[in-house]
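Okay, structure first, notes after.
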Amino acid sequence: MEIFNDGMIVKDGIVYEAGKDTPFTGVRVAKLGDSMAEVTYKDGKKNGETKLYIDGKILQKIIFSDNKKKLSIKYDKNGN
């Protein structure tokens with residue numbers, strides 16, 4: 001089991017909010033310095049868009065389905 005500083009817990013590859021028994025559904029935003037990630041979950045698994053940013057500019061967009069990466073799009077330093 002992993003516990004993250006935002007209170008999310010990962011058990012057997014499924015993400016939960018701390019203190020809850022139901023897998024997490026929603027968007028998790030994580031920040032570290034000038035980097036940020038927005039990760040979409042459904043039933044505790046990555047599902048939909050994950051966006052990675054540096055200095056407020058998009059660096060990469062990844063599409064997941066049932067925790068599996070389906071597509072990855074990388075952007076230049078200007079977010080293009």
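Since every read-out is calculated from the coordinates, none of them should be taken as a lab result. These numbers come from a predicted model, not from an experiment. All Cβ positions, glycine included, derive from the backbone under ideal geometry; neighbour counts span all protein chains shown.
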| note | Per DSSP, the loop-located chymotrypsin sites (Phe, Trp or Tyr not before Pro) within segment 1-70 having at most 12 other beta carbons within 10 Å are Phe4
| message | Using the Karplus curve 6.51 cos²θ - 1.76 cosθ + 1.60 with θ = phi - 60°, what ³J(HN,Hα) values do you get for each residue of segment 17-26, in whole Hz, with x for Gly and Pro? | response | 7, 4, x, 10, 9, 8, x, 6, 10, x
| Which loop trypsin sites (Lys or Arg not before Pro) in the chain, with loop taken from DSSP, have no more than 14 other Cβ atoms within 10 angstrom of their Cβ? | Lys20, Lys77
| note | In whole Hz, the Karplus estimates of ³J(HN,Hα) for segment 58-69 (6.51, -1.76, 1.60; θ = phi - 60°; x where Gly or Pro) are 5, 9, 7, 10, 10, 9, 10, 9, 6, 6, 10, 5
| query | Once amide H atoms are placed 1.01 Å from N in the peptide plane, what residues at a sequence separation of 5 or more from Lys45, or on another chain, have their amide H within under 5 Å of its amide H? | reply | Val15
| field | Relative contact order for the chain, counting Cα pairs under 8 Å that sit 6 or more residues apart, in percent | value | 17
| message | Among Ile14, Thr40, Ser65, whose Cα projects farthest towards the positive end of the dipole of the chain, with charges put on the beta-carbon of Lys, Arg (+1) and Asp, Glu (-1)? | response | Ser65
| GNM on the chain, C-alpha springs below 10 Å: top fluctuator among Asp43, Asp55, Asp21? | Asp21
| What are the ³J(HN,Hα) values, in whole Hz, obtained from phi via the Karplus relation 6.51 cos²θ - 1.76 cosθ + 1.60 with θ = phi - 60°, for each residue of segment 39-53 in sequence order, with x given for Gly and Pro? | 10, 9, 10, 9, 6, x, 10, 4, 7, x, 8, 10, 10, 10, 10
